[in-house]
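Have a look at the structure below, then the notes.
The values are calculated or read from the model by the stated rules, or taken from the named source; none is laboratory data. In this text, all values refer to a predicted model and were calculated from it rather than measured experimentally. For neighbour counting, all protein chains shown are included, and Cβ atoms are generated from backbone atoms with ideal geometry for every residue, glycine included. Surface accessibility is based on the protein's heavy atoms, side chains included, excluding ligands, DNA and RNA. Shrake-Rupley method; radii C 1.70, N 1.55, O 1.52, S 1.80 Å.
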Amino acid sequence: MADSNMSDNIEAYLKQILQQANEIEIRRAEIARRFNVVPSQINYVIKTRFGAENGYLVESKRGGGGYIRIVKMALRTEPDLIEEMRQSLPEIVSFRTATAVISSLYREQILTRREGELLLTMLSKEALAVGDTTIQGRIRARLLQQLLNRLRFESERD
């Protein structure tokens, strides 16, 4: 529970900075010291809360002068947004990633809340219980790919 709260605090801190600028460069070790956590905690927050499915681009440079750059994606046309999301999906999608994608579609008003909740029910671990989490993740990825393809097609028609 404490880790979750710390992750929430780190996320809130970074988002607060991003409200003032669409792009930030941070040093992982500096943020880790600020929150008194190990640097891998910063990696975890960035990986799980600042991906393309959440509306951010992340770029990193390792080494002594290394940094992590987080860029808030500019407003895009609906087809572009959907295509970016589609291209960033991995071959195996966790329920957490599926939730982030559906939440982004809801935030962008591409899906209604009810549609999002129904989709998450269909993409849940329980609905896709096939006895193998890798197969489950592949099926979830294919379903999301098909959803995004359909949404892109519909948005290009409008």
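Of note:
- Proximal aspartates and glutamates relative to Lys47, as straight alpha-carbon distance under 19 Å, when same-chain residues fewer than 8 apart are discounted: Asp3, Asp8, Glu11, Glu23, Glu25, Glu30, Glu59, Glu84, Glu91
- For the stretch 1-57, trypsin sites (Lys or Arg not before Pro) meeting the loop criterion (DSSP other than H, G, I, E, B) and having at most 11 other Cβ atoms within 10 Å: none.
- Compared with the dominant principal axis of the Cα atoms in the chain, helix 113-123 is inclined by about 90°.
- Cα gyration tensor, the stretch 20-158 - rounded (a/c under 1.5), prolate or oblate: oblate
- Taking Cα centre as origin and charging only the Cβ of basic (Lys, Arg, +1) and acidic (Asp, Glu, -1) residues, the dipole magnitude of the chain rounds to 420 debye.
- Here's the picture: charge each Lys and Arg Cβ at +1 and each Asp and Glu Cβ at -1 in the stretch 22-158, and of Gly55, Ser124, Ala32 the one pushed furthest to the positive end of that dipole is Ala32.
- For the stretch 74-125: rounded, prolate or oblate by the Cα gyration tensor [a/c cutoff 1.5]: oblate
- Shape of the stretch 111-156, Cα gyration tensor, a/c cut at 1.5: oblate
- Degrees separating the helix 95-107 axis from the principal Cα axis of the chain, which is the longest one: 80 degrees
- Computed over the chain, relative contact order equals 21 percent, with contacts defined as Cα pairs under 8 Å that lie 6+ residues apart.
- Fraction of accessible area attributable to carbon and sulfur, the stretch 42-158 (%, probe 1.4 Å): 51 percent
- The stretch 35-123: relative contact order as a whole-number percent, Cα under 8 Å and 6+ apart: 22 percent
- To the nearest ten degrees, helix 133-157 and the longest principal axis of the Cα atoms of the chain are 80 degrees apart.
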